[in-house]
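The values are calculated or read from the model by the stated rules, or taken from the named source; none is laboratory data. A quick note: this is a predicted structure, and the numbers were derived from the prediction, not measured. For neighbour counting, all protein chains shown are included, and Cβ atoms are generated from backbone atoms with ideal geometry for every residue, glycine included. In case anyone asks, the SASA skips ligands and DNA or RNA and just uses the protein heavy atoms, side chains included. Shrake-Rupley method; radii C 1.70, N 1.55, O 1.52, S 1.80 Å.
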Amino acid sequence: LPVISANGTAVSSPLSVCVGTGAQWAGSGTAASSNAWVSSNASVVKLTIIPPSSNLFVNYLSSGTANVTYTNSAGCSNTIAVTVVASPSAPTTSPVSYCVGATASPLTATAASGNTLRWYVPTVVNGFTSYVAASSAPTPSTTSAGSTTYQVAQVNAAGCETSPGARASLVVTVANPSISVGAIADVNTDATSFTITFSNASAGLDKYSIEAGSSNAMPGFVAALNQTLPTNGIINVTIPRSAVGTYNFKLTV
C-alpha cells in the first residue's frame with residue numbers, strides 16, 4: 001500500500017485534526033493518472049492539487065468526518081479517515097478594575113467543562129500591538145493608571161484552540177477615582193454650612209469624605225466620612241459657626 005504523509009510525517013487512519021487548519025499531504029510512489037486523490041466530503045476536507053507534482057494541500061474546513069483516498073499508478077489505494085474537530089468558542093470573561101498601587105491577582109476566565117485556558121498578552125512592536133501566548137494566567141501591573149486588554153482562548157481535549165479572531169478580550173483598568181471641584185463661595189461667620197459643586201465624576205464613583213485640612217483646620221468641625229455622593233453635583237458640608245478666616249478641608253472620593 002502507498003504511504004500517506006502530512007507535512008512530511010506519515011499518517012495513519014483515523015486522523016483527528018482541528019477545523020480551520022490545513023496541511024500539505026503527499027503519497028508515496030507514482031500517483032495514478034486520474035483521481036489520485038479523492039475526498040468523500042469536500043465540505044469537510046477540501047483537496048487542492050499542487051502542480052506539477054501530485055502532492056496536495058488539504059484544508060480542514062468544517063467539523064465532521066471525511067475519507068481521503070490516495071491511489072498510485074499500480075492501482076493500490078490507502079484511505080485515511082479524517083475527523084475534523086470544531087474549535088471551541090471563546091471563554092467567558094468579565095472586566096477587571098484595580099486602584100493604583102493595589103495588589104493584583106492572576107486573571108481568570110471561565111472555560112467549558114474539559115477545556116483549558118490559553119492567555120495572550122499584548123506586545124507593542126514598531127507601534128503595532130500583537131498578542132503573545134503566556135505560559136500562565138498573567139497578573140496585571142497596578143503601578144500606574146491606564147487600561148490593558150488581554151486575550152484568552154479555550155483549548156479542548158483534542159488540542160483545538162479558539163481561533164485568533166474569536167478569542168475573548170479582557171480589559172483591565174487601573175485608576176483611582178477622579179472628580180472636578182468648582183469654586184467654593186465665601187460664607188459669613190454665622191453660617192452653619194457651605195456647598196461644594198462638582199462635575200466629571202469618574203465611572204463608578206459613589207462615596208466621598210470631608211475632613212479638616214492638615215493646616216488652618218476649622219475648630220470644632222466634625223468630619224463627614226464615607227458619605228453617598230449626591231447625584232445633583234452639590235455636596236452640602238455642615239460646619240460650626242466660626243471666626244473670620246480661611247479654613248482648609250480635604251475632599252476624598
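Relative to the Cα centre, the charge distribution of the chain, modelled as +1 at Lys and Arg Cβ and -1 at Asp and Glu Cβ, gives a dipole magnitude of about 400 debye. Counting protein heavy atoms only, the chain has 52 percent of its accessible area on carbon and sulfur, 1.4 angstrom probe.
Surface exposure of region 60-189, expressed per residue as accessible area with a 1.4 Å probe, stands at 54 Å². Using Cβ point charges alone (K and R +1, D and E -1), the dipole size of region 115-253 about the Cα centre works out to roughly 260 debye. Note on region 129-253: percent of Cα-Cα distances in each 10 Å bin, starting at 0 and stopping at the bin with the largest distance, equals 10, 29, 20, 13, 13, 9, 5, 1. Given VAL96, PRO230, PRO14, which one lies farthest toward the positive end of the charge dipole of the chain, if we put +1 on the Cβ of every Lys and Arg and -1 on the Cβ of every Asp and Glu? Among VAL96, PRO230, PRO14, the one farthest towards the positive end of the dipole of the chain is PRO14.
Cys residues of the chain that find no other Cys beta carbon under 4.7 Å: CYS76, CYS99. Pairs of Cα atoms in region 1-156 fall into 5 Å distance bins, from 0 up to the last occupied one, in shares of 2, 8, 14, 15, 12, 9, 9, 8, 8, 7, 5, 3, 2, 1, 0 percent.
For the peptides 58-66, 37-45, residues were scored by their other Cβ atoms within 10 Å and the scores averaged per peptide; the highest-first order is 58-66, 37-45. Between the residues MET218, THR195, GLN154, the greatest Cα displacement towards the positive end of the dipole of the chain, with unit charges on the Cβ of Lys, Arg, Asp and Glu, is found for GLN154.
Note that region 77-200, at 4 °C in a medium of 1.567 mPa s, gets a Stokes-Einstein diffusion coefficient of 70 µm²/s from its Kirkwood radius over C-alpha pairs. Gyration tensor analysis over the Cα atoms of region 28-83 returns equivalent ellipsoid semi-axes of 20, 13, 7 Å (largest first, whole Å). Inter-part distance, region 174-253 to region 76-119, computed on C-alpha centroids, equals 48 Å.
Report D for region 115-158 in µm² per second (integer): Stokes-Einstein, Kirkwood Rh on Cα pairs, 37 °C, 0.692 mPa s. Answer from the Stokes-Einstein relation: 274 µm²/s.
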